[in-house]
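Worksheet: the structure to be examined is printed underneath.
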There are 2 protein chains.
Amino acid sequence: MSLLDLAKNRKSTRAFKKRPLPSPESILKSIEVALEAPSGLNCQPWFFLIVTKKELKKKIREYCENEEKSFHSIAPDYFKIWLKKKKISWKKPFLTDAPYLILVFSDMKCPYAIQSTWLSIGYLLLALEEKNIASLTYTPPNPAKLRNLLGINKRYSLQTIIPVGYPKKIKIKEKRKSIKEKVFLNAWKNPFILQNNKLQ
Amino acid sequence: MSLLDLAKNRKSTRAFKKRPLPSPESILKSIEVALEAPSGLNCQPWFFLIVTKKELKKKIREYCENEEKSFHSIAPDYFKIWLKKKKISWKKPFLTDAPYLILVFSDMKCPYAIQSTWLSIGYLLLALEEKNIASLTYTPPNPAKLRNLLGINKRYSLQTIIPVGYPKKIKIKEKRKSIKEKVFLNAWKNPFILQNNKLQ
């Protein structure tokens, strides 16, 4: 399958089947792809903590739902509207339903730590999709507090939680803007024209 | 080709042939992959400015080399050592040699703008590699000053410059750390064991 097809097929999934589980090998193979990403000074700032333990997933979910409740009450209006439209509440069942959570950390001593880590997350999401594994990048409010709760040194910043597994139902992918809105040629807002295999 | 092979093949390239040029269609098709990435609130914060004009590439190179000269003089020692080891000087010939520069911007009004944009850059690099096109993520010192020079509103933050084209010579990929150093199970630094298709 071409990368364009893979990328087009991949959707953020918020509801996971508890079973069947993707094979652990497929999860590790996907992370292996992420480990090949480039990074500032080749520092490889990323760390992946796979969570499979029921108790630990429950603890993470409790923390996140508490934070979400506070956040939802003070969120800016445009955010509240978006959440309502998408039927996203403070409840995060995917944090216990998904068979695996992959917590991604970034070593803040590395140059361009956050940028490099998210680049590798791009690799990871596509690699999961290649194996028909659904995923979501979910970042709780106050990730630093969760990192502390997990007893992890503040040098390692929690970037996101990626629940992975099989989706409960097939979703329609959210619309993307057209290439003409997002790609310019030689000057800001200057549209490109492709003619006779030339850009002008 | 599997994504793992693609990711393993992909190397950061710092020396480009002036000719032949990758087809403009292959560049656009690669960016199309990046446009499919997920983003906070599906805000799609990314913008891609393709630079092909000789004069503009020259201007960008001049700016970057000037900034690099100042930066190299004040860089921390570990950085200087790394640069020397990699034979990286303040000179950036790839900024004029590469047939295309893709400047990537992030709309700072979007939530998780930087994270989402770098995730999409992960998509882009793999998509370029799929078409055998070499790339580099090069971020100049003071990218905000370059953005101003290009007359672009400060709402759009310049994240990186990606020169793309064909490499002058085949490079060996920089070593990556092993999966055991980067992946833990259920607790920080707790190594995973894969046995009988089970993680423990």
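The values are calculated or read from the model by the stated rules, or taken from the named source; none is laboratory data. Every value quoted in this text rests on a predicted model; they were computed, and no experiment measured them. All Cβ positions, glycine included, derive from the backbone under ideal geometry; neighbour counts span all protein chains shown. These area figures cover heavy atoms from the full protein model, side chains too; ligands, DNA and RNA do not enter into them. Shrake-Rupley method; radii C 1.70, N 1.55, O 1.52, S 1.80 Å.
Between copies, the label points at residue B:55 (set 7 angstrom from Cα along Cα-to-Cβ) are spaced 7.0 nm, reported in nanometres from shortest to longest.
Over 27 Å between Cα atoms: which of A:182/B:85; B:169/B:189; A:180/B:109; B:8/B:189; A:54/A:173 fall into that group? Distance filter (> 27 Å) returns A:182/B:85; B:169/B:189; A:54/A:173. Residues of segment B:91-113 falling in the label zone of residue B:171, defined by backbone nitrogen less than 19 Å from a point 7 Å along Cα to beta-carbon, are B:91-104.
Taking chain A, the Cys residues with no second Cys beta-carbon under 4.7 angstrom are A:64. Counting only other chain Cβ atoms within 10 Å of each residue's Cβ, the peptide A:186-196 averages 4.
A label point on residue A:40, set 7 Å along the Cα-to-Cβ line, lies at 1.8 nm from each of its counterparts in the other copies, closest listed first.
Computed over the alpha-carbon pairs of the protein assembly as shown, the distance histogram in 20 Å steps reads 27, 58, 15, 0 percent, short to long. The fraction of accessible area contributed by carbon and sulfur in the protein assembly as shown is 53 percent, rounded to a whole number (1.4 Å probe; ligands and nucleic acids excluded). Peptide packing for B:111-119, A:8-16 was compared via the average number of neighbouring C-beta atoms within 10 Å per residue; ordered from the highest value, the list is B:111-119, A:8-16. Projected label points at residue A:80 and residue A:154, each 7 Å from Cα along the beta carbon direction, are separated by 3.3 nanometres. Helices of chain B meeting both criteria, an alpha-carbon length of 24 angstrom or more along the long axis and an average Kyte-Doolittle score not below -0.5, with helices taken as full DSSP H segments, are B:113-130. The modelled label-to-label distance for the pair residue B:108/residue B:23, using points 7 Å beyond Cα in the direction of Cβ, is 4.0 nm. Please report, for residue A:93, the nm distances (one decimal) from its label point, 7 Å out from Cα along the beta-carbon direction, to the equivalent points in the remaining copies, shortest first. Copy-to-copy label distances for residue A:93: 6.1 nm. Projecting label points 7 angstrom from Cα along Cα→Cβ for residue B:195 and residue A:186 puts them 6.5 nm apart. Averaged over the residues of A:26-36, the number of partner chain Cβ atoms lying within 10 Å of the residue Cβ comes to 6. For residue A:17, a cut-off of 12 angstrom between C-alpha atoms picks up these aspartates and glutamates, skipping any fewer than 8 places away in its own chain: A:97. Database remark: amide H of residue A:159 closer than 5 angstrom to the amide H of A:104, A:105, A:106 (H placed geometrically; neighbours at sequence offset of 5 or more, or on other chains; Pro and chain starts carry no H). Among residues of chain B, the one whose beta-carbon sits closest to the B-to-A rotation axis is listed with its distance in Å as B:122, 1.
Counting, for every residue in A:37-50, the Cβ atoms of other protein chains within 10 Å of its Cβ and taking the mean gives 6. Centroid-to-centroid, using Cα positions, segment A:1-56 and segment A:90-111 are 11 Å apart.
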